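Engineer: So that we are looking at the same thing, I have put the structure below in C-alpha cells.
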Amino acid sequence: MARGSAGESVLHKHLRILDTFDAWHPYLALSEIADAAGLARSTAHRLIAELEREGLVERLPDRTYRLGVRLWEFASRTPGAIGLREIARPWLGAVHERIRQHVQLGVLAGRDVLFVERMSARDAVVNATLIGGRIPLHASSSGLVLLAHAPSTLVDDVARHGMKVYTHRTIRTAEELRDRVRHVRAAGVAVTEGYIHLESRGIAVPVSGPDGSVYAALGVVVPDDGAPTQPIVEVLRRAAAGVTRDLLQAYRPEPAAGTRGIRSLAGTSRRSLEYLESLPPAEREPHEVGGGGLG
C-alpha cells in the first residue's frame, strides 16, 4: 500500500476525503473538502480526481462534489447493515405503529452507534439521529446496548477518548460508564433519560444474529415524561425476537462458495430468489443475489 511522506497511506487520505461528507454537508466545494480533510488543496484536487474517475464521488455543474452512487453499489453487496436493514424494516414499522414516536436500528461503528434505519412521526419528540448518522456509544440507549455486548476493551477505549456531554444527565466518567454497561448487560435493556436532550428518553434492546452474537440495537426515542417503560420494552423485545427469527431464516450455513452468511428475503419474492439462484454465477446481478445479507 503506497504511503505518503508523513507515513499516511494514500488510501487513508482518500477515506479522509470521503469522511468530509455527511448528512449536513452532502455537497462540498474543493476548498471545503481540503480544509475539512486537513489536506493541501493541490493534494485534495488530485485525490478527488482519482475518486471521481472511479465513481466514488461525483462533480456537479456548480463545481461542488457529492458522494458517488458507486459507494451505494458497494454497500448493497456487503454482508452487513444493508441486509439487516431490509430484514428489520417490517418489525420497525410494527413498533412505529404502536409507539408513534421514533424507532431506529443501530449497529456498532467504532466508538459510535451508526443508525441504518429510522422511522419517525412528524410530531414526535426531539431526536438527534439521522439515517447514516452517528452518536457516541455512551450517550445513546442503542449505543449502551451495543457497548454492553462488545469486548470490555471497547468500554475502556470510549472512556479513554473522552465522552461528549450533551446535558447534565449525560454519562461523563469512566466509573459511571462501566456501572451503566454492567446494568444494561444484566437487564437486557438500556434506558437513557435526557442524555442528549432533556425532553427525550431513549429505550433500546439487543438484536441477536443466527450465531447468538448481538448484531444491532433496536430502540425508540419517546418523551421523557415519567411514563412506565415496561410496555415499550415488551414491544421492542417482541420485535427484536422477530428480527432474530427472520435473520435465522435468511441464514445460509453451508460453507460452499457463495452460500455462507445472511441473505435478505425481504427485497424479492421467493420464486424470484429461486430463479436468480438457478442462474450461472456470471449471469447473476450482484445486488440481487450477493448483496442482501447482514447482509
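The values are calculated or read from the model by the stated rules, or taken from the named source; none is laboratory data. This is a predicted model, so every value here is computed, not measured. Cβ: placed from backbone, ideal geometry, glycine included. Neighbour counts: every protein chain shown.
For (1) among the acidic types (D, E); (2) in a loop (DSSP other than H, G, I, E, B), each residue gets a yes or a no:
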| position | (1), (2) |
| --- | --- |
| L39 | no, yes |
| E50 | yes, no |
| F74 | no, no |
| E86 | yes, no |
| R89 | no, no |
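Engineer: If you don't mind, another one. Kindly establish whether H138 is touching a helix residue (DSSP H, G or I) at 6+ places or on another chain (Cβ under 6 Å) and not β-branched (V, I, T).
Structural biologist: Yes.
Engineer: I'd like to know if the range 141-149 contains one or more residues that are surrounded by fewer than 23 Cβ atoms within 10 Å (Cβ to Cβ) and either out of contact with any Cys (no Cβ under 6 Å at 6 or more places or on another chain) or not assigned by TED's automatic domain parsing to the domain that holds L177 (or both).
Structural biologist: yes
Engineer: Give the residue, chosen from R41, R70, R59, R63, that is in contact with a helix residue (DSSP H, G or I) (Cβ under 7 Å, 6 or more places away or on another chain), over 18 Å from H12 (Cα atoms) and either in the same structural domain as G133 (by TED's automatic domain parsing) or not hydrophobic (A, V, I, L, M, F, W, C) (or both).
Structural biologist: R59 is the lone residue from the list that is in contact with a helix residue (DSSP H, G or I) (Cβ under 7 Å, 6 or more places away or on another chain), over 18 Å from H12 (Cα atoms) and either in the same structural domain as G133 (by TED's automatic domain parsing) or not hydrophobic (A, V, I, L, M, F, W, C) (or both).
Engineer: Also, quick follow-up: Quick check on my filter: what residues within the range 35-54 are surrounded by fewer than 15 Cβ atoms within 10 Å (Cβ to Cβ), farther than 17 Å from G68 by Cβ and of a type in the set (A, V, I, L, M, F, W, C)?
Structural biologist: Hit for the range 35-54 is A40, nothing else.
Engineer: Of A174, A124, A109, which residue is in the same structural domain as V221 (by TED's automatic domain parsing), touching a residue at least 60 places away in the same chain (Cβ under 8 Å) and among the small types (G, A, S)?
Structural biologist: A124
Engineer: Please work out if H12 is over 16 Å from L71 (Cβ atoms), within 22 Å of the chain's Cα centre (by Cα) and not aromatic (F, W, Y).
Structural biologist: For H12, the condition - over 16 Å from L71 (Cβ atoms), within 22 Å of the chain's Cα centre (by Cα) and not aromatic (F, W, Y) - is met.
Engineer: Something else now. In the set R185, R178, R169, R201, which member is crowded, with 19+ Cβ neighbours inside 10 Å and basic (K, R)?
Structural biologist: After ruling out the rest, the residue left standing is R201.
Engineer: Looking at the range 204-240, which of its residues are surrounded by fewer than 15 Cβ atoms within 10 Å (Cβ to Cβ) and part of a loop (DSSP other than H, G, I, E, B)?
Structural biologist: Across the range 204-240, the qualifying residues are D211, G212, S213, D225, G226, A227, P228.
Engineer: Do you know which residues across the range 63-111 are among the charged types (D, E, K, R) and at pLDDT 90 or above?
Structural biologist: R63, R66, R89, E97, R98, R100, R111
Engineer: Going by the structure shown, is T43 of a type in the set (V, I, T) and at pLDDT below 80?
Structural biologist: So T43 does not fit the description; no.
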